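Just below is one structure, and these are the notes that go with it.
The values are calculated or read from the model by the stated rules, or taken from the named source; none is laboratory data. All values derive from a computational prediction rather than experimental measurement. Virtual Cβ from ideal backbone geometry, glycine too; neighbours counted across all protein chains shown.
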Amino acid sequence: MRHYINTYINNVERLMKEPDTDFARLREEQLRQIAFISHERIVHLQVTIMCCLILFIGLILYFVTLITAFLVVDGLMLIMSLAYLTYYFFIENSTQALYCQYNRICLKLDDSPTIQGLYSDLKEKPPTSKKPDIKIN
């Protein structure tokens, strides 16, 4: 999924620089991708919360019973929780980058007074979408 998201963000950046881009269709596609990735984000948030919950339940059981097996399970759950947290933050940052791209697409279409007003009030250029700092292999 990381490769998919990074490729999509890069492709949209490339399309926004091309003069013959159909920004209306690009905006529709951007909204669809935001919906897909937001769904992925919600699912991974739920999984991350469950992993952390199981980790804390395991810690409580270990301290109550002092059975070493709970400590082993907690070690595995700690690794899984850290991995899920890292991935969740990647998806969250990617979704924010997609929102910025969507705003820039709307500015190109000049049909969103809310976004135009937001950026005119800031008296600066709209932010460019920042790519997530996580590298893919």
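Mind checking which residues of the range 23-63 are among the aromatic types (Phe, Trp, Tyr) and without any contact (Cβ under 8 Å) to a residue 40 or more places away in the chain? Let's see the steps before the verdict.
Here is the first cut: in the range 23-63, the ones among the aromatic types (Phe, Trp, Tyr) are 23, 36, 56, 62-63.
If the condition is that a residue be among the aromatic types (Phe, Trp, Tyr) and without any contact (Cβ under 8 Å) to a residue 40 or more places away in the chain, then Phe36, Phe56, Tyr62, Phe63 are the ones that fit.
Inside the range 84-137, can you point out the residues that are charged (D, E, K, R), modelled with pLDDT under 90 and not in a loop (DSSP other than H, G, I, E, B)? Spell out how you get there, then give the answer.
We begin by selecting, within the range 84-137, every residue charged (D, E, K, R); these are 92, 104, 108, 110-111, 121, 123-125, 130-131, 133, 135.
Filter once more, so that each one left must be modelled with pLDDT under 90: 108, 110-111, 121, 123-125, 130-131, 133, 135.
Correct list: Lys108, Asp121.
Can you tell me which residue is surrounded by the fewest Cβ atoms within 10 Å (Cβ to Cβ) among those in the range 1-43 that are closer than 21 Å to Glu92 by Cα and hydroxyl-bearing (Ser, Thr, Tyr)? Walk me through how you get there before you give the answer.
Kept after step one, since they are closer than 21 Å to Glu92 by Cα, are these residues of the range 1-43: 1-13, 27-43.
From the residues that got through so far, the ones that are hydroxyl-bearing (Ser, Thr, Tyr) too are 4, 7-8, 38.
Details: Tyr4: 13, Thr7: 11, Tyr8: 19, Ser38: 15.
So the residue we want is Thr7.
On the given criteria, is Ile42 in a helix (DSSP H, G or I) and within 15 Å of the chain's Cα centre (by Cα)?
On the way: in a helix (DSSP H, G or I): yes; within 15 Å of the chain's Cα centre (by Cα): yes.
Yes.
If you scan the range 81-102, which residues turn out to be more than 17 Å from Ile37 (Cα to Cα) and touching a Leu at 6+ places or on another chain (Cβ under 8 Å)? If you could, list the steps in order and put the result at the bottom.
First pass over the range 81-102, keeping only residues more than 17 Å from Ile37 (Cα to Cα): 81-83.
The one that is more than 17 Å from Ile37 (Cα to Cα) and touching a Leu at 6+ places or on another chain (Cβ under 8 Å): Ser81.
If you take the residues in the range 45-87 that are of a type in the set (Phe, Trp, Tyr) and closer than 26 Å to Leu98 by Cβ, which one is nearest to the chain's Cα centre (by Cα)? Don't jump to the end; show me each part of the working.
Taking the range 45-87 and keeping what is of a type in the set (Phe, Trp, Tyr), we get 56, 62-63, 70, 84, 87.
Okay, now just the ones that are also closer than 26 Å to Leu98 by Cβ, so 84, 87.
Values: Tyr84: 13, Tyr87: 9 Å.
Only one residue tops the list, namely Tyr87.
For the range 74-97, give me each residue that is hydrophobic (A, V, I, L, M, F, W, C), crowded, with 18+ Cβ neighbours inside 10 Å and without any contact (Cβ under 8 Å) to a residue 40 or more places away in the chain.
To start, the set of residues in the range 74-97 that are hydrophobic (A, V, I, L, M, F, W, C) comprises 76-80, 82-83, 85, 89-91, 97.
Subset that is crowded, with 18+ Cβ neighbours inside 10 Å: 77, 90-91, 97.
Passing the criteria: only Met77.
Name the single residue, out of those in the range 1-31 being hydroxyl-bearing (Ser, Thr, Tyr) and assigned to a helix (DSSP H, G or I), that is nearest to Tyr84 (Cα to Cα). Before you say what the answer is, go through the steps one by one.
Restricting attention to the range 1-31, the residues satisfying the condition of being hydroxyl-bearing (Ser, Thr, Tyr) are 4, 7-8, 21.
Okay, now just the ones that are also assigned to a helix (DSSP H, G or I), so 4, 7-8.
Numbers: Tyr4: 18, Thr7: 21, Tyr8: 22 Å.
Among those that are hydroxyl-bearing (Ser, Thr, Tyr) and assigned to a helix (DSSP H, G or I), it is Tyr4.
Please work out if Met50 is among the aliphatic types (A, V, I, L, M) and in contact with a Cys (Cβ under 9 Å, 6 or more places away or on another chain).
On the way: among the aliphatic types (A, V, I, L, M): yes; in contact with a Cys (Cβ under 9 Å, 6 or more places away or on another chain): no.
Against the criterion (among the aliphatic types (A, V, I, L, M) and in contact with a Cys (Cβ under 9 Å, 6 or more places away or on another chain)), Met50 does not qualify.
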